[in-house]
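In what follows, a single structure is set out as structure tokens and then discussed.
The values are calculated or read from the model by the stated rules, or taken from the named source; none is laboratory data. Note that this is a predicted model, so its numbers are computed, not measured. Neighbour counts are summed over all protein chains in view; Cβ atoms, including those assigned to glycine, are modelled from backbone coordinates with ideal geometry.
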Amino acid sequence: MKTIGLISANYSSSMFGGLLDNRSLASLPYGGRYRLIDFALSNMANSGITTVGVISPYDSGSLIDHIGVGAPWGLDRKNGGMFIMPGSAYGLQSAGSRFLLRDIIKNRIFFDRDDADYVIMAGSSDVWNIDFRPLIEQHSKSNKPITMVYKKVPRGEDYIGYFLDIDEFGSVTEITDEGYAWANYFADCFIIDREYLIDFIGWFDTLEYMDMIQIIKNNMGIIDIDTFEFKGYLGKIKNTTDFLKVSQAMTDYDIRNEVFCNDERPIYTKAQDEAPVFHLPDADVRNSVVSAGCTIEGRVENSIIFRSVNIAKGAVVKNSIIMMHGDIGEGAVLDNVIADKYVKISDGVKIYGGDREPVVIGKNKSL
């Protein structure tokens, strides 16, 4: 069954401090060398999906510069390939919104011109490594027009988004905005019959200002939905607290191996060659990810250090994220800090945040 992909990258948030001032959430750097959209693109490519549309935001410069024509994901091809599609200029309705119907209507030609059986629609701010082929196979046998992907989470109240009530047959009975205790958390991903999607656009075109999931939620009585459980690691990033927590998850051996060390499903990104990390004699690095091109002379603990960062002698970086080309001066202390690209911290400066309220330092700032 032929399947095409659609990645929604046309959403942002006011819950990221200055991190999204000049970029979309989809192009937010992650894990030392990646961007968040790399996971959605890699999951599509690794599942044999060779036609992928990306709905871009109005501030798409950073995103387009990163993904280009899709070469790292094998999507620079004559048949199919990557399609950068315009998103609407209007904001979304809530923090859980990902699939604005107006964006789908605006790019209807993407679905009309293809002969695919199914469309997999995914958000672009999740950290996970999923094989979509079992999802496609299950959906083809379900005789239902939509199959939603979910993850069981132990504390639903800690998550922002949609939750699924599921009956004993695996069908969705209700979609809610809140979850408690063990809950079925919607993974911002679903598969839909292409022809049904085209019909859906016609039925609900007057509600173009709404999110597709919200429309489905309000019309559960007439829409039959199957479910697919994802049992691997799912890192949901919807604010700075999530970003710090999901970034630090990469220091966990098992999670890092699952996401990044699968030979059959690698996570691809735009290549940027750098020299290896240079550890000076006084360097002390513990439980951290340190990328190529860095010079480390101070102490780094439970942190993610991006390319070409300099951490001077006597400096301490704990529980933090330092993005590309950061410069941390002698004796400086950073704890629970997210520093964007080209941040310079002067000698002796001390900045302390909390694990639920990290301090965000915007791009090109000097302190």
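For the range 96-119, does any single residue satisfy the condition of being part of a strand (DSSP E or B), modelled with pLDDT of 90 or more and in the same structural domain as LYS236 (by TED's automatic domain parsing)? Outline the logic, then answer.
So in the range 96-119, the residues part of a strand (DSSP E or B) come out as 100, 118-119.
Next cut, modelled with pLDDT of 90 or more only: 118-119.
Applying the additional criterion that residues be in the same structural domain as LYS236 (by TED's automatic domain parsing) yields 118-119.
Within the range 96-119, one or more residues are part of a strand (DSSP E or B), modelled with pLDDT of 90 or more and in the same structural domain as LYS236 (by TED's automatic domain parsing).
When the residues of the range 350-360 are filtered to those that are modelled with pLDDT of 90 or more and closer than 18 Å to LYS238 by Cα, which remaining residue is farthest from the chain's Cα centre (by Cα)?
Just the residues of the range 350-360 that are modelled with pLDDT of 90 or more, to begin with: 350-354, 357-360.
Adding the requirement that they be closer than 18 Å to LYS238 by Cα leaves 354, 357-360.
Values: GLY354: 23, GLU357: 20, PRO358: 19, VAL359: 21, VAL360: 19 Å.
Checking each candidate, the answer is GLY354.
Of everything in the range 208-239, what is among the charged types (D, E, K, R) and within 20 Å of ILE192 (Cβ to Cβ)? Give them in sequence order.
Initial filter on the range 208-239 (among the charged types (D, E, K, R)): 208, 211, 217, 224, 226, 229, 231, 236, 238.
Within the range 208-239, GLU208, ASP211, LYS217, ASP224, ASP226, GLU229 meet the criteria.
Condition (residue is outside any loop (DSSP other than H, G, I, E, B), under 25 Å from SER124 (Cβ atoms) and assigned by TED's automatic domain parsing to the domain that holds GLY331) applied to the range 269-288: is it met by at least one residue? I'd like the intermediate steps shown before the answer.
First, pick out the residues of the range 269-288 that are outside any loop (DSSP other than H, G, I, E, B): 278-279, 284-286.
Next, only the ones that are under 25 Å from SER124 (Cβ atoms) stay: none.
No, the conditions are met nowhere in the range 269-288.
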Could you please find all residues in the range 152-193 being in contact with a helix residue (DSSP H, G or I) (Cβ under 9 Å, 6 or more places away or on another chain), surrounded by fewer than 19 Cβ atoms within 10 Å (Cβ to Cβ), outside any strand (DSSP E or B) and not small (Gly, Ala, Ser)? ILE160, ASP177, GLU178, TYR180, TRP182
Does GLU137 meet the test of being out of contact with any Ser or Thr (no Cβ under 8 Å at 6 or more places or on another chain), free of Cβ contacts under 8 Å to residues at least 24 places away in the same chain and either of a type in the set (Ser, Thr, Tyr) or closer than 23 Å to ILE237 by Cβ (or both)? no
Can you name the residue in the range 180-230 that is more than 26 Å from the chain's Cα centre (by Cα) and of a type in the set (Asp, Glu) and, of all such residues, is modelled with the lowest pLDDT? ASP205
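Looking only at residues that are hydrophobic (A, V, I, L, M, F, W, C) and assigned to a loop (DSSP other than H, G, I, E, B) in the range 310-358, which one is nearest to GLU274 (Cα to Cα)?
The initial filter retains those residues of the range 310-358 that are hydrophobic (A, V, I, L, M, F, W, C), namely 311-312, 315-317, 321-324, 328, 332-334, 337-339, 343, 345, 349, 351.
Of the ones still in play, those that are also assigned to a loop (DSSP other than H, G, I, E, B) are 312, 315, 323-324, 332, 343, 349.
Details: ALA312: 19, ALA315: 23, MET323: 15, MET324: 12, ALA332: 25, VAL343: 19, VAL349: 28 Å.
Among those residues, the one meeting the criterion is MET324.
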For the condition in contact (Cβ under 8 Å) with a residue 60 or more places away in the chain and touching a Pro at 6+ places or on another chain (Cβ under 6 Å), what is the one hit in ILE321, ILE338? ILE338
State yes or no: is SER27 in contact with a His (Cβ under 7 Å, 6 or more places away or on another chain) and either over 23 Å from MET210 (Cα atoms) or surrounded by 19 or more Cβ atoms within 10 Å (Cβ to Cβ) (or both)? yes
Take GLU264 and decide whether it is surrounded by fewer than 19 Cβ atoms within 10 Å (Cβ to Cβ), among the charged types (D, E, K, R), in contact (Cβ under 8 Å) with a residue 40 or more places away in the chain and assigned to a loop (DSSP other than H, G, I, E, B). yes
Please name all residue pairs, on different chains or six or more residues apart, with Cβ atoms under 6 Å, provided the first residue is in the range 287-306 and is surrounded by fewer than 21 Cβ atoms within 10 Å (Cβ to Cβ) and the second residue is of a type in the set (Phe, Trp, Tyr) and not in a loop (DSSP other than H, G, I, E, B). THR295/PHE278
PRO145 vs (1) under 18 Å from the mean Cα position of the chain (by Cα); (2) modelled with pLDDT of 95 or more; (3) not hydrophobic (A, V, I, L, M, F, W, C): all pass except (1)
The one condition SER247 fails out of (1) of a type in the set (Gly, Ala, Ser); (2) in contact (Cβ under 8 Å) with a residue 60 or more places away in the chain; (3) more than 23 Å from SER308 (Cβ to Cβ); (4) not in a strand (DSSP E or B) is (3)
What residue, of GLY293, GLY232, is assigned by TED's automatic domain parsing to the domain that holds GLY48 and among the small types (Gly, Ala, Ser)? GLY232
Tell me yes or no: at least one residue of the range 320-327 is at pLDDT below 95 and small (Gly, Ala, Ser). no
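For the range 215-244, which positions are assigned to a loop (DSSP other than H, G, I, E, B) and in contact (Cβ under 8 Å) with a residue 40 or more places away in the chain?
Correct list: MET220, ILE223, ASP224, PHE230, LYS231, GLY232, TYR233, LEU234, ILE237, LYS238, ASN239.
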